[in-house]
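Right, one structure below, let's go through it.
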Amino acid sequence: MSTPPYMWPFSLFAPGNLNQPILPGWSFGNVSVNYAGNADIEKDVVEKAASYGKQLGIITEAVLALAPGGPDEAEPIKRLRKIAKKIEKIKEEHRGDLADAAQQAMDSLAKKDRRAAERIAAEFARTARGGSSS
């Protein structure tokens, strides 16, 4: 492959390949990272048991449930409570986003296939009341 003419003076000093991995070991999609432990175990735990966020959420809830409240509370517990409140606020914001997205999806489906939208709505209503979907 030839160098474009406008790159001529710079191409004399630059290596042929300027691609460089920024975050080696990371992949985008189901973000995966290389860990010091067994990567296969880490992957299975996250995929089959609980995400890191879910694990940290449970640990946070347990620590805060065991921690005494009040003015004498240790500084790390106070900081953990602040973080937990921020996380809950973020989750609440995303719940609204999800509800909006669901409404938009149902509106779009109803415009294209009214029967399918009605069937899905009826199935949801049935399962929400405790019935089975099949």
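Which of the numbered conditions does Q103 fail, given that it passes all the others? Conditions: (1) surrounded by 12 or more Cβ atoms within 10 Å (Cβ to Cβ); (2) in a helix (DSSP H, G or I).
With respect to (1) surrounded by 12 or more Cβ atoms within 10 Å (Cβ to Cβ); (2) in a helix (DSSP H, G or I), Q103 is out only on (1).
What helices (runs of 4 or more DSSP H) completely inside the range 1-74 contain at least 3 residues that are of a type in the set (S, T, N, Q), in contact with a Lys or Arg (Cβ under 9 Å, 6 or more places away or on another chain) and at pLDDT 60 or above? Reasoning before the result, please.
On the way: elements: 8-11, 39-44, 52-66.
Per the criteria, no element qualifies.
The values are calculated or read from the model by the stated rules, or taken from the named source; none is laboratory data. From a predicted model like this one, the values you see are computed outputs, not experimental measurements. All Cβ positions, even for glycine, are placed from backbone atoms using ideal geometry, and neighbour counts span all protein chains on display.
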